[in-house]
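Q: Mind looking over this structure? Questions follow.
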Amino acid sequence: MSDMEIMKDAGNADDPDALMQAIPYCRYLGIRAELLDGALRLVMPFAPHLVGNPLAPSLHGGVLGALLETAAIAQVLRELKPANLPKPIDITVDYMRVARNAECRARAHIIRHGRRVANVEAEMWQDDETKPVASLRGHFLLGKE
């Protein structure tokens, strides 16, 4: 079984954290998944290797983008159960606040989808859900059966 098949199967598993553990980069970032009232949320604890600017100090923007993209893909896998892993077509990340050296949380929502493409929005926050640090808008190719 290929790595892609293992990740796709993990994404369709009952345990939402199985996908995070199947992806080496997610393990490196420390991302874990949890269900809260049936909604999928990702949690990324602070770690020194995630800092982008030690003078500020703040988390690296690429790490934030990776968390948001992972949240979007995990939501597509959980909700739509596509035949293949979703592939990003285009992604826009808006950075709204400095991401302090603290735990980050993210969630995603599928705005619209067809047979081949899903439009997804994701948001990331730290202490207060009403004050997002970054958000993502993207289109993901779902693939064919």
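Q: Heavy atoms only, probe 1.4 Å: what % of the accessible area of the chain goes to carbon and sulfur, would you let me know?
A: C and S atoms contribute 52 percent here.
Q: Could you work out the Rg to Rh ratio of segment 69-111, with Rh taken as the Kirkwood radius (inverse of the mean 1/r over all Cα pairs)?
A: Rounded to two decimals, Rg/Rh equals 1.03.
Q: OK, next. Could you work out the relative contact order of the chain? I mean the mean sequence separation of Cα pairs under 8 Å and 6+ apart, divided by the number of residues, in percent.
A: The normalised contact order for the chain reaches 22 percent.
Q: Here's something else I'd like to know. Can you tell which of I111, I23, I91 shows the greatest fluctuation in a Gaussian network model of the chain with Cα springs below 10 Å?
A: Maximum fluctuation in the GNM of the chain, among the listed residues, is at I111.
Q: Considering only protein heavy atoms, what per residue accessible area in square angstrom results for segment 60-127 with a 1.4 angstrom probe?
A: Per residue, segment 60-127 has 51 Å² of solvent-accessible surface.
Q: Based on the Cβ-Cβ distance from R112 to L55, what FRET efficiency comes out when R0 is 30 Å, to the nearest 0.05?
A: 0.15
Q: Stretched out fully, how many nm does the piece from K81 to L36 gain, at 0.36 nm a residue minus the Cα gap?
A: Roughly 14.2 nm would be gained on extension.
Q: Calculate for the chain the 222 nm mean residue ellipticity that helices alone would give, adding -39,500 (n - 2.57) per DSSP H run of length 4 or more and normalising by residue count, nearest 500 deg cm²/dmol.
A: Calculated at 222 nm, the ellipticity per residue is -8500 deg cm²/dmol.
Q: In a GNM of the chain with a 10 Å cut-off on Cα contacts, which of M44, M96, M20 has the highest mean-square fluctuation?
A: M96
Q: Also, I was wondering about something else. So what are the radius of gyration and Dmax for the Cα set of segment 3-145, in Å?
A: 14.6, 49
The values are calculated or read from the model by the stated rules, or taken from the named source; none is laboratory data. Predicted model only: the values in this text are computed from it and were never measured. Note: ideal-geometry Cβ built from the backbone for every residue, glycine included; neighbour counts use all protein chains shown. Surface accessibility is based on the protein's heavy atoms, side chains included, excluding ligands, DNA and RNA. Shrake-Rupley method; radii C 1.70, N 1.55, O 1.52, S 1.80 Å.
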